[in-house]
1. Of everything in segment B:409-453 that's among the basic types (K, R) and touching a residue at least 40 places away in the same chain (Cβ under 8 Å), which residue is surrounded by the most Cβ atoms within 10 Å (Cβ to Cβ)?
2. Please verify whether B:P64 is over 15 Å from B:G411 (Cβ atoms), within 14 Å of chain A (Cβ to nearest Cβ) and either open to solvent by 10 Å² or more (accessible area, probe 1.4 Å) or basic (K, R) (or both), treating the condition exactly as stated.
3. Got at least one residue in segment B:181-188 being open to solvent by 30 Å² or more (accessible area, probe 1.4 Å), away from every other protein chain (no Cβ under 13 Å) and of a type outside the set (F, W, Y)?
4. Filtering segment B:189-210 down to residues that are touching a residue at least 12 places away in the same chain (Cβ under 8 Å), facing chain A (nearest Cβ under 9 Å) and not charged (D, E, K, R), which residue is surrounded by the fewest Cβ atoms within 10 Å (Cβ to Cβ)?
5. Identify the residue in segment A:108-125 that is touching a residue at least 12 places away in the same chain (Cβ under 8 Å) and out of contact with any His (no Cβ under 9 Å at 6 or more places or on another chain) and, among all such residues, is farthest from B:E523 (Cα to Cα).
6. Within segment A:1-18, take every residue that is at pLDDT below 90 and within 14 Å of chain B (Cβ to nearest Cβ) and give me the one that is farthest from the chain's Cα centre (by Cα).
7. Out of segment B:520-570, which residues are within 27 Å of the chain's Cα centre (by Cα), among the small types (G, A, S) and under 30 Å from A:T38 (Cα atoms)?
8. Could you look through segment B:48-68, keep only residues that are touching a residue at least 24 places away in the same chain (Cβ under 8 Å) and among the small types (G, A, S), and pick out the one that is nearest to B:P505 (Cα to Cα)?
Amino acid sequence: MTSTATSKIGRRIVLDLDLCIGCRACAAACHVGHDGQTNLVAGRVADVAVLPVNCRHCERPACASACPTGALYTDSYGFVRRSDLRCVGCRTCALACPFGAIPGEFVRHVSPKCNLCVDRVVAGGIPRCVSSCTSGAMSFVELEQTVGTPDYVGGRIQSHGTLRRA
Amino acid sequence: MTDAVVGVCPFCSMGCTLRILPGAGGAYVGEAGMPRLDYETAGGPNRGSLCAKGNMALELLLHPRRLDAPQVRSDGQLRPVGWDAALGGIAERLQAVVRDAGPRAVGFWLGAQLTSEEAAAAADLARALGCGNVDGGDPEDLTLRDGIQRSRAGARPVEDVAQLEAMACTLVVGDLFTLAPCLAKPVLHARYDRRQNQLATLSGVPNRTAWFGKPDLRCRPAREAAALAVLLRAWLPRCPADLPWLPAARELFAEVDADWLEQHAGLRAAQVQGFLDALAAAPQRGVLVGATFGASERGDLVGGLAALFAEASGSRFLALNQGANLRGVRQALAARGYPDPAGLTAPQMLEAAMTGGLRALVVLGCDPLAALPGSSPAKALAGLELLVVSAPMPGATGDKAHYVLPGAAFGEKTGTTTNGFGTAARLCAALPAPGAARSEGWLLEQLAARLGVRGTGAAGPRTASAAPRPDAGFFAELALFLQQERREGTAQAAGSHLLLPAASPAQAGDGSLTRWLSWPAHEAQDGCCVLSAAHAQALGVRAGDRVRLRGPAAEAVLAVRIEPRLPPGVVLAPPHDPAVRRLVRWRVDPVRRDLDLEPGRVSVEPLGAGT
């Protein structure tokens, strides 16, 4: 499927590593909002920190390229989504994702793929995980403007060296 | 119905607001037309955020195990009964106890899940009965609350989150980000967005809040009270001369061996000077403390000393509790003369039940046996002539009750709740209570009518001999504590480890409400005990293996998690686990009349590979 340039939404989730307290409120919000399916991986960093690993909704998504049934596609907003009917739960997408953002634990035998809370975003809202974030670590920002900022690296705002987690 | 209702999260005293979209037709309603939760960004201290518990608030309202009919115990079994029969039976048995043993044999324990109006109605009913035994607060919060009250500190309170955001220097005592994760947003905003600001943390073990401390003032485990004494002592030369308690403080610290105190606390005055200089230079300062079960040798002294340090340093002070409406309930009771100086405090009621001094207890909106489990209180409550519990979910106290009444939860009743900042919020009923569940307000009104004591009860007899509460003086109490610590030394039995709480942001307090939610099951690590790497190696256990924590009177079996940074001699365990709570010793202090909690001492035995 092809995207329609006119309706593309360029906002993406960015995590500030200095601010995340590892409370997993984002994952709980995702769990509640998607009827028990948590589309957000808990990234455990050397047993020192727990950070959410969220889908980057890549321009050229490796998960979609790898999907043998064509269940993953880029929609008209530019969001990488999963077709409810085509997904067979083979986990290829989870293996292909370079960020490890698709949970290995599949609920209902389909890929728990983040849809960026498209129901809320198209209505002008923000994804549930970002809304819920207790420390303001997650933000939903125009990626084009954020990419140029010095601390931005791959969907993350780098720590300023104050992050000790100990 | 498509209008969103703004509710208040019931899981801590932060008082976060949330939106409930009831029924079909809303913007984000699912296939089944079930109510949905949304985030309230317009107001509230959370500004849209919700912690893991708050996100699950609707699950509690829609839970299949909700109590939906009054139950009465007959032949040892709880059986459903109509409201008429339940209320008639309770009134009759209450009257019988008052007739036979007087109103002193009756107690009312009001939890922080009540609205302020419900607390007021309960106080009125008790007053009309002539009953002085009325207290409010979950056991979780009583220690901290009583210590702050006894210190009589005059620190200015933190009144809203904007003040937190504006703070240039903040001291956080304990792990507040786990107790109230939504507090992180304003505190870290001050910490990072203004970059020049300082956030200092004081704790005995590594935790979620201490990650962000700079400096991270690390005292010896469970020695937060002594560490705060070190801070206060170091601040004394900077204290305003007109502080009423300054002479008492100077006298105390003149007598205490400073070197011993610093060694005992594991915190040197030289280590804190940089932070104290920054605090003195900061235009806006704050001291924040929170209630955590059995985290320190003397949680009440931690609260009191933090409040005094806040006053001395001109900082604003915030004490966060586990109970959502603790402040509102306490205010409502205070307006009606409770706690009665001649009456019993909440934990004293438990003790009186054990000794036979109390014969009827009405527990509304909390679960004392979940918070303070153990065979003696459970046996004592089971031996009461009348135990009435009103709660939304089944619980440990309900298991012993003669009457279990289905209470309405926060999203199902109207009234007022006051958060830890002192901000009152109106509760609106977003959903109807299930089945025959009713709010405690309705229950108290019906009960008052059946007891023939309808009205405010202002004319009712007050308990006689309203002697002032014994007050040994906070500094005398601190001096006594430090003397005792010095006398007893730091000797620890061989093989014994200090048991400290490893709270989870997915659980609240004793877990009596949050254990019903689905999310904690996803956070498997939160149910584990935490050992240091050296300790695990010595025991020959690996992460995921099970160990038995053995205390003097109880034991608990838990899976292991390994934390390399944990100091030696310490084991962390989840405080929402009833088996872990049994390992924490508690008693009612005869002089202070409050709850004494001591971190447990346990030995750890390996059990082998986990399941």
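The values are calculated or read from the model by the stated rules, or taken from the named source; none is laboratory data. All figures in this text were calculated on a predicted structure; none of them were measured in a lab. All Cβ positions, even for glycine, are placed from backbone atoms using ideal geometry, and neighbour counts span all protein chains on display. Side chains are part of the model used for accessible areas, which takes the heavy atoms of the whole protein and leaves out ligands, DNA and RNA. Shrake-Rupley method; radii C 1.70, N 1.55, O 1.52, S 1.80 Å.
1. Across segment B:409-453, the extreme among qualifying residues is B:K413.
2. Details: over 15 Å from B:G411 (Cβ atoms): yes; within 14 Å of chain A (Cβ to nearest Cβ): no; either open to solvent by 10 Å² or more (accessible area, probe 1.4 Å) or basic (K, R) (or both): yes.
Considered against the rule, which asks whether it is over 15 Å from B:G411 (Cβ atoms), within 14 Å of chain A (Cβ to nearest Cβ) and either open to solvent by 10 Å² or more (accessible area, probe 1.4 Å) or basic (K, R) (or both), B:P64 comes out as no.
3. Initially, segment B:181-188 is screened for residues open to solvent by 30 Å² or more (accessible area, probe 1.4 Å), giving B:185.
In the following step, the residues that additionally are away from every other protein chain (no Cβ under 13 Å) were identified as none.
Scanning segment B:181-188 turns up no residue that is open to solvent by 30 Å² or more (accessible area, probe 1.4 Å), away from every other protein chain (no Cβ under 13 Å) and of a type outside the set (F, W, Y).
4. Selected residue: B:H189.
5. This residue is A:V122.
6. A:D18
7. B:A521, B:A524, B:G527, B:A559
8. B:A52
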